[in-house]
Amino acid sequence: MEHKNLNASKLIFKVDPTSNVDEEVNIAGWEIGEFKAYVTEHSYGDNTYSRFIFSIQLKRPMLSSFVKNVLPVIVITTISLLTFFISPQNFSQRIGLGVTTLMSATTFHLALLSGIPPIGYLTLADRMMLSIYTIFLYNLLVSVYIMKLVDTKKAEEAQKFNKKAAKILPILIIALLIIQLTI
């Protein structure tokens, strides 16, 4: 906060050390954390102004965050991965399940994004959803390749490829988790 007309030679803000956030303040879905207030100076051309800055740290409660933001994605992804248990000969069900869950995940991602203001960096939710999209892409690529094998009457090869792809899946998931934890 700065005064529009009074520069630092006429007005200098001071922090009241007893200032704090009212204990009655409640923001639905958030926990109020640390409160900070400090004063700096900011220059606009030849004029310097006193600037009062205050911030309140907001945190989401862990359990409700997990239930609202992570659990639905886990359920959608698990449903998507059921395609590996569907016979390669039933490729239309495999593709249908993969596409439907991809659309569900995309819709869920958009709903997640609507709950936060626009920002210029990837949030944890964005990074998590990019990993989920990677898993869905893998799933759809496997299903399309299996469909191609079945169409060319190579059902046994399709079955073997499905088993191989299912074994690679945990490695892909672990790699994506490691990437998530290191970024």
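The values are calculated or read from the model by the stated rules, or taken from the named source; none is laboratory data. Quick caveat, the model's predicted, so the values are computed rather than measured. Ideal geometry is used to build each Cβ from the backbone, glycine not excepted, and the neighbour counts take in all protein chains shown.
Using the structure shown, decide if Val73 is among the β-branched types (Val, Ile, Thr), in contact with a Phe, Trp or Tyr (Cβ under 9 Å, 6 or more places away or on another chain) and part of a helix (DSSP H, G or I).
Numbers: among the β-branched types (Val, Ile, Thr): yes; in contact with a Phe, Trp or Tyr (Cβ under 9 Å, 6 or more places away or on another chain): yes; part of a helix (DSSP H, G or I): yes.
Yes; evaluated as a whole, the condition is true for this residue.
Of all residues in segment 156-183, how many are at pLDDT below 90 and more than 30 Å from Leu110 (Cα to Cα)?
Number of matching residues: 0.
Regarding Ser131, is this residue modelled with pLDDT of 90 or more and small (Gly, Ala, Ser)? Break it down stepwise before answering.
Numbers: modelled with pLDDT of 90 or more: yes; small (Gly, Ala, Ser): yes.
Yes: the conditions hold for Ser131.
For (1) surrounded by fewer than 12 Cβ atoms within 10 Å (Cβ to Cβ); (2) within 37 Å of the chain's Cα centre (by Cα); (3) at pLDDT 90 or above, each residue gets a yes or a no:
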position: Asn5; (1), (2), (3): yes, no, no
position: Ser9; (1), (2), (3): yes, no, no
position: Asn20; (1), (2), (3): yes, yes, no
position: Val25; (1), (2), (3): yes, yes, no
position: Glu41; (1), (2), (3): no, yes, yes
position: Asp46; (1), (2), (3): yes, no, no
position: Arg51; (1), (2), (3): no, yes, yes
position: Met62; (1), (2), (3): yes, yes, no
position: Ser65; (1), (2), (3): no, yes, no
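Take the conditions within 19 Å of Ser92 (Cβ to Cβ) and in contact (Cβ under 8 Å) with a residue 60 or more places away in the chain and apply them to Asn162. Does it pass?
Working: within 19 Å of Ser92 (Cβ to Cβ): yes; in contact (Cβ under 8 Å) with a residue 60 or more places away in the chain: yes.
Taking the combined requirement at face value, the residue satisfies it.
Taking the stated definitions as given, is Tyr121 more than 17 Å from the chain's Cα centre (by Cα), without any contact (Cβ under 8 Å) to a residue 40 or more places away in the chain and either under 26 Å from Phe91 (Cβ atoms) or in the same structural domain as Leu71 (by TED's automatic domain parsing) (or both)? Even if it seems obvious, please write down each step before you answer.
Numbers: more than 17 Å from the chain's Cα centre (by Cα): no; without any contact (Cβ under 8 Å) to a residue 40 or more places away in the chain: yes; either under 26 Å from Phe91 (Cβ atoms) or in the same structural domain as Leu71 (by TED's automatic domain parsing) (or both): yes.
Considered against the rule, which asks whether it is more than 17 Å from the chain's Cα centre (by Cα), without any contact (Cβ under 8 Å) to a residue 40 or more places away in the chain and either under 26 Å from Phe91 (Cβ atoms) or in the same structural domain as Leu71 (by TED's automatic domain parsing) (or both), Tyr121 comes out as no.
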